[in-house]
Structures are given as C-alpha cells and as structure tokens.
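The values are calculated or read from the model by the stated rules, or taken from the named source; none is laboratory data. All values reported here derive from a predicted model rather than from experimental measurement. Counting neighbours? That spans all protein chains shown, and the Cβs are built from the backbone with ideal geometry, glycine included. Surface areas here come from the heavy atoms of the whole protein model, side chains and all, with no ligands, DNA or RNA. Shrake-Rupley method; radii C 1.70, N 1.55, O 1.52, S 1.80 Å.
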Amino acid sequence: MSSGRAIEGSFHLTGGDFTNAGAASSELKSILTNLGISLAIVRRAAIATFEAEMNVIIHAVAGVMYYQVTADSIKVILNDMGPGIPDIGLAMQEGYSTAPDWIREMGWGAGMGLPNMKKNSDEFKVDSVVGEGTTVEIVIRIKEESP
Amino acid sequence: MTFKEIVDILEAEIVLDSDDSDTEIQSVCSTDLMSDLLHFSSMPRSLLITGLANTQAVRTAEIADIKAIVFVLDKKPDKETVEMARQKDIAFIVTRLSRFTACGRLYAAGLRSCTGENR
Ligand SMILES: Nc1ncnc2c1ncn2[C@@H]1O[C@H](COP(=O)(O)OP(=O)(O)O)[C@@H](O)[C@H]1O
Ligand SMILES: [Mg+2]
C-alpha cells in the first residue's frame with residue numbers, strides 16, 4: 001500500500017448465529033487480499049480473526065469486530081458482551097475448552113482457538129472481565145516485500 | 001495430483017466440480033475439528049477429508065485456502081452448504097469410503113499430510 005491513510009471498518013457479531021458465523025472474517029480476508037497484501041500474511045490474519053470471531057459466536061452474546069489496516073500492520077480488535085474468561089492462562093492452553101457437546105458436533109470446541117490466534121499474530125492480547133465480556137487484540141505486521 | 005485423479009481414486013461423486021479440474025492438489029488434511037485444521041494445515045491448495053458435512057467446514061476451508069472438500073461415508077451436504085461452496089469456488093465430492101480408506105488410498109497414491117510431515 002502506498003497511501004499512509006488507514007483503512008478501517010467494523011462488523012457486528014451475534015452470539016449463536018451459526019448461519020453467518022465466519023462471514024466477517026471472510027469479508028476481511030477479501031479486503032486484505034484486494035489491498036495486495038501477501039497471501040501468507042492474509043492467511044495468518046484470516047485464521048486469527050476467524051478463531052476470534054467464532055469465539056464470540058460460540059461463547060458470547062454479541063460483539064464487534066473492528067479492523068484497521070495501515071502500510072505497516074493489520075490490527076483487529078474483538079470486543080464482546082458475554083460471560084468473560086475467569087482464567088486466561090488456562091483458556092490459552094492447547095486443548096482447553098468449555099464448549100458443550102453440540103458445539104463439538106459442529107466442528108468447534110477443540111480448544112485450539114486462542115492458541116491459533118496467538119500463533120498467527122505478532123502481538124496478541126486478551127482482556128476479560130467475568131460477567132461482562134472479553135476483548136481480544138490481534139496485530140499482524142506487514143513485512144514489505146523487497147522489490 | 002489433480003482433482004480429477006482424486007475423484008477417480010476415491011470413486012467419488014462430484015457434487016460441485018472444480019472450476020479447473022486440473023487443479024493441482026498438493027496435500028491432504030483430514031479432521032472433523034475445525035480449529036485443528038486451522039492449527040495444523042500449513043500448506044495452501046490442500047484437500048480436506050471430513051465427516052463434517054456442514055457450512056462450518058466450507059467457511060473453515062475458505063479461511064485455510066482449501067480448494068476441495070471430500071465428505072466420507074456418503075454424507076450428502078445440504079443445499080445451504082453446497083451454495084456456500086459454490087460462492088467460494090470450493091469443489092465438493094462425496095465418497096462411500098470411510099475416512100480411513102479414503103486417506104489410505106490417497107497416501108498410497110503419493111499424497112502427504114497438510115502438516116508437512118512424512119514428506
Ligand atoms: N470470547 C469469549 N468469551 C467467553 N469465553 C471465552 C471466549 N473466548 C474463549 N473463551 C473461553 O476460553 C476457552 C478456550 O477458547 P479456545 O481456545 O478458542 O477454544 P474453544 O473455543 O474451542 O473452546 C473456551 O472454551 C471458553 O471457555
Ligand atoms: Mg474457540
């Protein structure tokens with residue numbers, strides 16, 4: 001991207017809405033692709049945001065996914081109203097999940113979502129207040145490819 | 001290996017043809033757990049073999065750059081699932097084979113895991 005201006009936008013997410021689950025990340029993926037960002041970076045961003053979006057759909061009541069893309073980085077913040085996470089360290093462990101069986105039958109609840117977000121981000125933060133909600137922040141740096 | 005060759009090896013029925021049936025498939029992922037797929041698949045242009053015949057599989061395939069999905073045990077995707085795959089340019093086939101046999105045949109034919117192991 002040559003312009004110094006940021007490209008930004010947001011999507012509304014509804015907990016339990018499995019029909020549209022993933023639509024926001026899918027749209028963000030095509031926005032990033034159309035900006036000419038390299039496939040490998042788009043892929044990392046898509047995986048991290050999709051997992052974060054699915055967590056809002058699965059675990060929370062409602063949320064907003066906000067994105068900001070500059071020449072240097074992709075930043076995505078997901079803010080939800082929901083039960084919150086009592087022990088973030090535990091939730092970050094691979095395989096830890098409180099998802100019920102019916103979620104597992106839909107292919108989710110492997111307990112790999114938060115680890116996947118971390119793995120694909122350059123900066124990753126989770127903040128949560130039990131009984132109120134959770135905020136996830138994902139930053140992926142865009143490395144300029146040598147000309 | 002091409003999409004066409006995979007259809008033959010799995011004796012599969014094509015639900016949604018690839019827009020390019022000479023599409024080169026480079027590796028295979030097999031799971032019903034979507035986060036496992038997102039975690040372990042490290043290669044683009046993969047094939048997904050799954051028993052999860054729903055829209056979640058299509059959405060995840062799109063995010064993970066998967067080009068084609070195989071449903072095992074003759075599970076037919078519903079209309080909504082097929083429609084989503086059509087929009088995303090993801091090919092769809094259904095095989096009567098079990099997942100074990102489907103994977104075994106493709107391994108024997110030279111395909112390897114999308115995790116990059118046993119290359
Ligand atoms: N947005 C959220 N709101 C409430 N709880 C969450 C949220 N995201 C994650 N969690 C908690 O952290 C656990 C682990 O999350 P994750 O690694 O994505 O696995 P999974 O979603 O497969 O359970 C979840 O099972 C849930 O208990
Ligand atoms: Mg999750």
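Brief remarks on what is shown
- Free-standing Cys residues across the protein assembly as shown, given no other cysteine C-beta under 4.7 angstrom: B:Cys103
- Shielding value for A:115-121 is 2, the average number of Cβ atoms from other chains within 10 Å of each residue's Cβ.
- Each Cα pair under 8 Å and six or more residues apart adds its separation to the average, and for the stretch A:62-147 the resulting relative contact order is 36 percent.
- Cα-based radius of gyration for the stretch B:1-78, normalised by 2.2 N^0.38 Å, reads 1.01.
- Mean residue ellipticity at 222 nm, helices only, chain B: -9500 deg cm²/dmol; runs of at least 4 DSSP H residues each add -39,500 (n - 2.57), and the sum is divided by the number of residues.
- Ordering A:25-31, B:35-41, A:94-100 by mean Cβ neighbour count within 10 Å, with the highest value first, yields B:35-41, A:25-31, A:94-100.
- Carbon + sulfur, % of accessible area of the stretch A:7-141 - ligands and nucleic acids excluded, 1.4 Å: 52
- Accessible area of the stretch B:3-111 belonging to carbon and sulfur atoms, whole % at 1.4 Å probe: 49
- Summary of packing: across the peptides A:132-139, B:59-66, B:75-82, the per-residue average of other C-beta atoms within 10 Å ranks them, highest first, as B:59-66, A:132-139, B:75-82.
- Chain B, relative contact order in percent, only Cα pairs under 8 angstrom and at least six apart counted: 32
- Protein accessible surface hidden between B and A, which excludes ligands and nucleic acids, total in Å², probe 1.4 Å: 2000
- Taking a Cβ cut-off of under 13 Å around B:Tyr107, the surrounding Lys, Arg, Asp and Glu residues balance to a net charge of +3, with basic ones at +1 and acidic ones at -1.
- Radius 14 Å from Cβ of A:Ile103, net charge of other residues (Lys, Arg +1; Asp, Glu -1): -4
- Peptide B:39-48, shielding by other chains (average Cβ, 10 Å cutoff): 2
- Under the convention that each Lys and Arg Cβ holds +1 and each Asp and Glu Cβ holds -1, the size of the dipole of chain B around its Cα centre is about 300 debye.
- Its Cα gyration tensor gives the stretch B:26-119 an equivalent ellipsoid. The semi-axes, each the square root of 5 times an eigenvalue, are 20, 16, 11 Å from largest down.
- For the protein assembly as shown, a crude dipole built from +1 on the beta carbon of Lys and Arg and -1 on the beta carbon of Asp and Glu, taken about the Cα centre, is about 380 debye to the nearest 20.
- Using the rule -39500 (n - 2.57) for each DSSP H run of four or more residues, divided by the residues of chain A, the 222 nm mean residue ellipticity is -10000 deg cm²/dmol.
- Per residue, the average separation of C-alpha pairs within less than 8 Å and at least 6 apart gives the stretch A:7-141 a relative contact order of 27 percent.
- Counts of other chain beta carbons within 10 angstrom of each beta carbon in peptide A:43-52 average 4.
- Threshold 30 Å² - residues in the stretch A:16-30 whose accessible area is reduced by that much or more when the chain is no longer isolated, probe 1.4 Å: A:Thr19, A:Ser26, A:Lys29
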